[in-house]
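Structure first, then comments.
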Amino acid sequence: MRTLIALVLALLAIPAAAQERAPLVLAAASLQESMNAAADVWASAGHQRPTISFAASSALARQAIAGAPADLFVSADEEWMDALAAKGLLAQGTRADLVGNRLVVVEPASGRTRLTVRTLGATLARGAVAMADPAAVPAGKYGQAALEKLGAWQAIAPKMVRAENVRAALALVERGAAPFGIVYATDAAASTKVRVAGMFPASSHPPIRYPVARLAASRNPAAEGFRRFLLSARGHAIFARFGFTRP
């Protein structure tokens, strides 16, 4: 009995952060700075800091479908979240829109281009354009939809440089490997090596929404707490600081 009492007292003395397991979050590549900042704030409140895996939403969704032991999924579009929902992989009642974004054209920081809706197609068609792969990655799909709406896709498609995710497309412009790139406004804001040459009209592509959900296979109580924190006013303030909009 004495041993049992001593064990209970020892467990009670362990901080809550030491008792809980860190949630594993699968998050779209464009969320790197903001999601890490949110994880830091969550950890500062005494929780285990979430482990975050960043990649294209398409790659992360396929990992979840293949049975990756993750707790939360944050996609850069609704289609890949829909794909998981269709397979019954989302915990009921946990899906919600987290943030929104805008789509822009970037060029190296030394550039001086000023694109308008009228000049965008002709200007981009002059050289290579770095984009996340439109066949699967949300940023690329949004980009193709916008270019099609503006009547520029046919001219730009043959010169497109496909990247595995939006940050890889940004890196190509940063290195000067492509004169232009199509990325999110928040990606452009995260880099000092590029500047925004133009912004796509919001009406030229489907609304950019980032849904978050807990995976049905998750058994980590801390995952739901972190999900709720991301959706809270404090969480939204963190994302707003990095340029994300309300969904």
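The values are calculated or read from the model by the stated rules, or taken from the named source; none is laboratory data. As the structure is a prediction and not an experimental result, all values here were calculated from the model. All Cβ positions, glycine included, derive from the backbone under ideal geometry; neighbour counts span all protein chains shown. Just the protein is used for accessible areas: all its heavy atoms, side chains included, with ligands, DNA and RNA removed. Shrake-Rupley method; radii C 1.70, N 1.55, O 1.52, S 1.80 Å.
Tabulated values for the structure
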quantity: Of [x] 20.5, 64; [y] 20.6, 81; [z] 18.7, 58, the label for Rg and Dmax of the Cα atoms in Å derived from the coordinates; calculated: [y]
quantity: Top of A213, A66, A22 by mean-square fluctuation, Gaussian network on the chain, Cα under 10 Å; calculated: A66
quantity: Reachable lysines from K149, criterion Cα separation under 23 angstrom, eight or more residues apart if same chain; calculated: K141, K159
quantity: Local net charge near R209, Cβ-Cβ under 11 Å (Lys/Arg +1, Asp/Glu -1); calculated: -3
quantity: Most mobile of R112, R227, R209 in a GNM of the chain (Cα contacts under 10 Å); calculated: R112
quantity: Solvent exposure of segment 89-247 as accessible area per residue, Å², 1.4 Å probe; calculated: 45 Å²
quantity: Theoretical FRET efficiency, 1/(1+(r/R0)^6), r = Cβ-Cβ of S44 and A122, R0 45 Å, to 0.05; calculated: 0.35
quantity: Neighbourhood charge, 12 Å Cβ-Cβ cut-off, centred on S58 and excluding it, Lys, Arg +1 and Asp, Glu -1; calculated: -2
quantity: Two-site FRET efficiency, A233 against A157, from Cβ-Cβ distance with R₀ of 41 Å, rounded to 0.05; calculated: 0.45
